[in-house]
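Engineer: Before anything else, here's the structure in question.
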Amino acid sequence: QVGVHGIRIEFINEKGSKRTATYLPEVAKEQGWDHIQTIDSLLRKGGYKAPITNEFRKTIKLTRY
């Protein structure tokens, strides 16, 4: 549920390095983002520059807090 939990993602970028990114609970709600938009924004925040596909999204480790 957007706006209730903060989220942290871990992923392997296009160069093979492990990267992370975090948003506090209010960020996605304030921006009006849905789940996919929030994940995609976190990937960009974490430095992922390649095109984001559904297949790649499935490889992300997501932690709610």
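The values are calculated or read from the model by the stated rules, or taken from the named source; none is laboratory data. Here the structure is a predicted model, which is why all the values come from computation and not from measurement. A quick note on method: Cβ atoms are made from the backbone with ideal geometry, for glycine too, and the neighbour counts reach across all protein chains shown. Side chains are part of the model used for accessible areas, which takes the heavy atoms of the whole protein and leaves out ligands, DNA and RNA. Shrake-Rupley method; radii C 1.70, N 1.55, O 1.52, S 1.80 Å.
Engineer: In the chain, what percent of the accessible surface is made up of carbon and sulfur (1.4 Å probe, ligands and nucleic acids excluded)? Don't skip to the end; give the middle numbers.
Structural biologist: Working: 2250 of 4390 Å².
Answer for the chain is 51 percent, counting heavy atoms of protein chains only.
Engineer: Taking θ = phi - 60°, what integer Hz values does the Karplus form 6.51 cos²θ - 1.76 cosθ + 1.60 yield along the stretch 26-39, in sequence order, with x for Gly and Pro?
Structural biologist: Per residue, the Karplus-derived 3J(HN,Hα) values read 6, 4, 4, 5, 4, 7, x, 7, 8, 4, 5, 4, 5, 4 Hz.
Engineer: Same structure again: Given the chain reduced to its alpha-carbon atoms as identical point scatterers, what log10 I(q)/I(0) does the Debye formula return at q = 0.13, 0.22 Å⁻¹?
Structural biologist: -0.31, -0.87
Engineer: Within 10 Å, count the other beta carbons around each residue, average over each peptide in 27-33, 11-17, 38-44, and list them highest first. Before the final figure, lay out the partial values.
Structural biologist: Numbers: 27-33: 14.7, 11-17: 12.0, 38-44: 17.9.
Highest mean packing first, the order is 38-44, 27-33, 11-17.
Engineer: Let me ask something additional. Once you have the Cα-Cα distance between THR22 and LYS61, take 0.36 nm times their residue separation minus that, and quote the gain in nm to one decimal. If you can, show how the numbers build up before the last one.
Structural biologist: On the way: separation 39, 0.36 × 39 = 14.04 nm, distance 1.19 nm.
This chain segment gains 12.9 nm when fully extended.
Engineer: With +1 assigned to the C-beta of every Lys and Arg and -1 to the C-beta of every Asp and Glu, and no other charges, what is the dipole magnitude of the chain about the Cα centre in debye, to the nearest 20? Present the calculation step by step, with values, prior to reporting the outcome.
Structural biologist: On the way: 12 positive and 7 negative charges, 60 e Å.
Approximately 280 debye in magnitude.
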